[in-house]
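The values are calculated or read from the model by the stated rules, or taken from the named source; none is laboratory data. Everything numeric here is computed off the predicted structure, so don't read it as measured data. Here the Cβ positions follow ideal geometry from the backbone for every residue, glycine too, while neighbour counts run over all protein chains shown.
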Amino acid sequence: MSTMVATNKRSFGSTLWDYLTTVDHKKIAIMYLIAGGFFFIVGGLEALAIRWQLVKPMNDFVSAGLYNELITMHGTTMIFLAAMPLIFAFMNAVVPLQIGARDVAFPFLNSLGFWLFLFGGILLNVGWITGGAADAGWTAYAPLSIISPGEGVDYYVLGLQISGAGTLIGGINFLVTIVNMRAPGMTYMRMPLFTWTAFVASALILFAFPALTVGLFLMMFDRLFGSGFFDPNMGGNAVIWQHLFWIFGHPEVYILALPAFGIFSEIISTFSKKRLFGYSAMVFATVLIGFLGFMVWAHHMFTVGMGPAANSIFAVATMAIAIPTGIKIFNWLFTLWGGNITINTAMLYSLGFIPTFTMGGMTGVMVAAASADYQYHDSYFVVAHFHYVIVGGVVFALFAATHYWWPKMFGKILNETLGKITFWLFFIGFHMTFFIQHFLGLMGMPRRYWVYLEDQNLDLGNAISTVGAFLMGLGTIVLLYNVVITSVKGEKVGPDPWDARTLEWAIPSPPPFYNFKQLPLIRGLDPLWIEKTEGRSGMTPAEPIGDIHMPNNSILPFVMSLGFFIAGFGFIYQKYDAIWLSLIFIGMGIALGAMLTRSIKDDLGYHIHKEDLEKEAKE
Amino acid sequence: MADKNSVHPAQLDYEKQKRKEEMKQQVITFALMIIFTIIAFSMVASGLDKLFVIPIIVVLAAVQVGFQLYYFMHMSHKGHEMPAFMFYGGVFAAFLCIIALGVLVWW
Amino acid sequence: MSEHDVLNPKQMPLNPEKATLEGKNKFIGFWFFLGGETVLFASLFGTYLALNNSTNGGKSSEELFTLELVFIMTMLLLTSSLTSVYAMYHMKNNAFKKMQLWLGITVALGLGFLGLEIYEFYHYIHHYEFTLRSSAFGSAFYTLVGFHGGHVVFGLSWIVALMIRNSKRGLNLYNAPKFYIASLYWHFIDVVWVFIFTVVYLMGVL
């Protein structure tokens, strides 16, 4: 099996088969990047439709019902199908390299996680062509989501269930990878901050997603099998959904934000040519944010009527998160302080992020004040707040990471001029869109309404907001053009184009499929930088060249996910006719059959032999 | 790797002996679990006051689960630091869920 | 370590389930997964606690539950936990036949538990007309206990599949971790049941 030497020309079919069956974390990263990028465009188009509807008072671009579908699918798509997978793309591409591992702990499960996410995402969007997507808001509050007619919310429930399972699998995989697969000398306190944040975010996934799983099951039973969890007529209680959703939903914010912090920490440190200021404080703050992030979910529910005692507790806990976040902001500033700063696209996003995210944090403390939140709740103020946090934090980070790690993933640097154009279009567009929304909210504009009246002083603000949204769209188009033009014309670069500090830059770009020919010896934080300051060009190996054990490719993850996808339709349509139950049996049969096959068929992987590695080195 | 796995016969005997004793402990643990279960069921059957019985049966359940985790699932052994850490992380999140749903929902 | 050593080790190490990197990964990863499962069941328990009085004029827990049946089920499951400890004891001593025997007993006890649970549900549905759709209490009861029952079904199928697959070739470093985590799963099922009989049944008849 060691004759896996890549030939230059491969047929399309064999490339496709390679990607369908791959268990290589770098290829899975590319698939996450493509799929996440696709859903980011879909969600972006939905956002533009929303903004176009609101460009003038009493507009009739879309109907009220379609507007509800647009806002629901925009939120759901952006969080679950764009932001999370893109985070996973960079976690897959970078974390194993940063800790000096040859692959993740469970390559098979890694592939399964991706395919579950993709099929879940497709299922979520199938509603568009079968008579209406989900329309109960991305939070799908009961009882609205229970009585919403049609199959839109059913697609939401089943789609999220499947993609959520994929995310959970991915989370466990990264936890075990980071615990068990670190190279010799890579202690916990020598791990790069992106790896640390990936670790904490994975732990949050592990503990938060089961609550969503249960919430979605309960909603599925209520909608499709006549149970009464959220139905007051049967003694149920709609607030249960809200709790379950936010016990998951608030940690979800940190699942997105923490890796974003990690990305900025890497970039700021690299382009300031300085070690990250206050590394241990950064690690501490990351863990503390993760911990506190679990105890604040009810701040989304201040107006539910939990009473002043519960509201106060959650308000105080929420404000406490500003402390570790503040630690991080100051540490980034101190890393920049006195640094030998290079301003390029990745760095521009990082510099744009700091004030933007700080503003989002400020409004966060404002909405955390429970009594004041009665005013802000469900207004555009909240919309502005969470877009400042999620776009200003996470999307900026994803764009920055795209520019920063593109050479590692594809061996070429994205065009810097186009990158800077994208940044300025996106940055200005973003602030135009959302800064004004704070004031729209304070003036009383409620979120999720599809029209507003004339002469309420809302006209100009909404028009400005819409123009900003289209600037962001333009920026994204330039980025896509950049990707195409770089792939076609870009020049190949070496392993370390940024003169960077961490381990992933010590190996070729793109890395060979076994990552490290010899596992490196880690001698401190920023291991590559240590070697460079001592005059060496690469890492010192920790082992002699030997056989490398690699996992086998497998189509089973794809088959399993396809099975669940098919079963999803059965679950939805059996509410009309029992004949659809057959689809459940077929789908689950395929999925469980694939699981059984996986369980009883030995899969021991193969070895790349030492001789082949040595031969390759000579070539 | 192969040398690391080969074991000296004397050590093997020692380990075997240790496991045998541990097995004895586990049987005792099992007996305790059965006794706890019987106590819990009989307290409920005896019709004692609710406020008195509930805390006791919950504590008995918690102790039983501790036995399962530490003896049957070997969490007391070496090399279980990370598993224990993550498992207790789960218990912490679980505790929050139960507080939220058991207490806050009808508040 | 080559494929040959994994499948046909010259000598079984002291802890065959953790002798390979794959085994270590499985062991750690499965414990983490159980941490997540804890949250899953806690969400179900929380839902049950929120809804256990919402009988909507239908049957309540006092009217439904009989402790005798639950006691027998509890004994079966607790004993099956001990028998799977025995199975793992023999696995570590590389006594494959004995391990298979104890696993067989575990499966038999598990099947007994499952049979009684099916009987219980059948009884409630046909004699009391108490179903998932009766009330929010009914929904919460069947979902919580049913999720546990689903875990029992999955655990039994898993153990049986492992026993059949490996019946001819005995223990090696490739299947030892599989047996070990299957037994961890089985213990976890018992952990959940301890809380179910306490919170659902015992507190339900008080």
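Just one residue in the set C:Thr47, C:Thr106 is facing chain B (nearest Cβ under 9 Å), touching a Ser or Thr at 6+ places or on another chain (Cβ under 8 Å) and buried (at least 23 other Cβ atoms within 10 Å of the Cβ); that residue is C:Thr47. Within 28 Å of B:Val27 (Cβ to Cβ), within 11 Å of another protein chain (Cβ to nearest Cβ) and modelled with pLDDT under 95: does that describe C:Asn53? Judged against the criteria, C:Asn53 is not a match. Evaluate the following for A:Met189: is it within 11 Å of another protein chain (Cβ to nearest Cβ), surrounded by fewer than 24 Cβ atoms within 10 Å (Cβ to Cβ), touching a residue at least 60 places away in the same chain (Cβ under 8 Å) and not in a loop (DSSP other than H, G, I, E, B)? No.
Just one of the numbered conditions (1) assigned to a helix (DSSP H, G or I); (2) touching an Asp or Glu at 6+ places or on another chain (Cβ under 7 Å); (3) within 12 Å of chain C (Cβ to nearest Cβ) is not true of A:Phe230: (1). Against the definition (assigned to a helix (DSSP H, G or I), aromatic (Phe, Trp, Tyr) and surrounded by 21 or more Cβ atoms within 10 Å (Cβ to Cβ)), how does A:Phe302 come out, yes or no? So A:Phe302 passes the test. Scanning region A:570-619 for residues that are β-branched (Val, Ile, Thr) and closer than 20 Å to A:Trp115 by Cα yields A:Ile584, A:Ile586, A:Ile590, A:Thr597.
Yes/no per residue for (1) exposed (fewer than 13 other Cβ atoms within 10 Å of the Cβ); (2) at the interface with chain C (Cβ under 10 Å from one of its Cβ atoms):
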{"residue": "B:Gln11", "(1), (2)": "yes, yes"}
{"residue": "B:Glu21", "(1), (2)": "yes, no"}
{"residue": "B:Ala31", "(1), (2)": "yes, yes"}
{"residue": "B:Thr37", "(1), (2)": "no, yes"}
{"residue": "B:Val53", "(1), (2)": "no, yes"}
{"residue": "B:Leu69", "(1), (2)": "no, yes"}
{"residue": "B:Cys97", "(1), (2)": "no, yes"}
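Test C:Lys98 against the criterion of being within 14 Å of chain B (Cβ to nearest Cβ), surrounded by fewer than 17 Cβ atoms within 10 Å (Cβ to Cβ) and not aromatic (Phe, Trp, Tyr), and give yes or no. Yes: the conditions hold for C:Lys98. Looking at A:Ser350, A:Ser312, which one is of a type in the set (Ser, Thr, Tyr), within 14 Å of chain B (Cβ to nearest Cβ) and either at positive phi or in a helix (DSSP H, G or I) (or both)? Answer to the check: A:Ser312.
Of note, A:Val394 does not satisfy the criterion of being in a helix (DSSP H, G or I), touching a Gly at 6+ places or on another chain (Cβ under 9 Å) and touching a residue at least 24 places away in the same chain (Cβ under 8 Å). Pairs are defined by a Cβ separation below 9 Å, a sequence spacing of at least 6 or placement on different chains, a first member in region C:140-154 that is at positive phi and at the interface with chain A (Cβ under 10 Å from one of its Cβ atoms), and a second member that is part of a helix (DSSP H, G or I) and exposed (fewer than 15 other Cβ atoms within 10 Å of the Cβ); no pair meets this definition. Report yes if some residue within region A:556-564 is closer than 30 Å to A:Gly159 by Cα, free of Cβ contacts under 8 Å to residues at least 60 places away in the same chain and either aromatic (Phe, Trp, Tyr) or more than 14 Å from every other protein chain (Cβ to nearest Cβ) (or both); otherwise report no. Yes, region A:556-564 contains at least one residue that is closer than 30 Å to A:Gly159 by Cα, free of Cβ contacts under 8 Å to residues at least 60 places away in the same chain and either aromatic (Phe, Trp, Tyr) or more than 14 Å from every other protein chain (Cβ to nearest Cβ) (or both). Annotation for region A:508-524: at least one member residue is outside any loop (DSSP other than H, G, I, E, B), modelled with pLDDT of 95 or more and closer than 20 Å to A:Glu616 by Cα.
For region A:548-564, name all the residues that are part of a helix (DSSP H, G or I) and more than 18 Å from A:Gly170 (Cβ to Cβ). Answer for region A:548-564, where residues must be part of a helix (DSSP H, G or I) and more than 18 Å from A:Gly170 (Cβ to Cβ): A:Val559, A:Leu562, A:Gly563.
Looking only at residues that are facing another protein chain (nearest Cβ under 8 Å) and free of Cβ contacts under 8 Å to residues at least 12 places away in the same chain in region C:56-84, which one is nearest to B:Ala100 (Cα to Cα)? My answer is C:Phe71. Among the helices (runs of 4 or more DSSP H) lying completely within region A:1-98, list those that include at least 3 residues that are touching a residue at least 12 places away in the same chain (Cβ under 8 Å) and crowded, with 23+ Cβ neighbours inside 10 Å. Fully inside region A:1-98 and qualifying: A:25-53, A:64-76, A:84-98. Among the candidates C:Leu173, C:Leu202, the residue that is touching a residue at least 24 places away in the same chain (Cβ under 8 Å), surrounded by 22 or more Cβ atoms within 10 Å (Cβ to Cβ) and closer than 30 Å to C:Leu14 by Cβ is uniquely C:Leu173.
Return yes when C:Arg165 is outside any helix (DSSP H, G or I) and either surrounded by fewer than 22 Cβ atoms within 10 Å (Cβ to Cβ) or not aliphatic (A, V, I, L, M) (or both) and no when it is not. Judged against the criteria, C:Arg165 is not a match.
I'd like to know if region A:239-251 contains one or more residues that are in contact with a Lys or Arg (Cβ under 9 Å, 6 or more places away or on another chain) and either within 14 Å of another protein chain (Cβ to nearest Cβ) or in a helix (DSSP H, G or I) (or both). For region A:239-251, residues in contact with a Lys or Arg (Cβ under 9 Å, 6 or more places away or on another chain) and either within 14 Å of another protein chain (Cβ to nearest Cβ) or in a helix (DSSP H, G or I) (or both): absent.
When region A:592-614 is filtered for residues that are of a type in the set (Lys, Arg) and away from chain C (no Cβ under 11 Å), only A:Lys610 remains.
On the given criteria, is B:Ile57 among the β-branched types (Val, Ile, Thr), within 7 Å of another protein chain (Cβ to nearest Cβ) and within 21 Å of C:Leu144 (Cβ to Cβ)? It is true that B:Ile57 is among the β-branched types (Val, Ile, Thr), within 7 Å of another protein chain (Cβ to nearest Cβ) and within 21 Å of C:Leu144 (Cβ to Cβ).
The residue of region C:109-137 that is surrounded by the most Cβ atoms within 10 Å (Cβ to Cβ), among those that are charged (D, E, K, R) and assigned to a helix (DSSP H, G or I), is C:Glu117.
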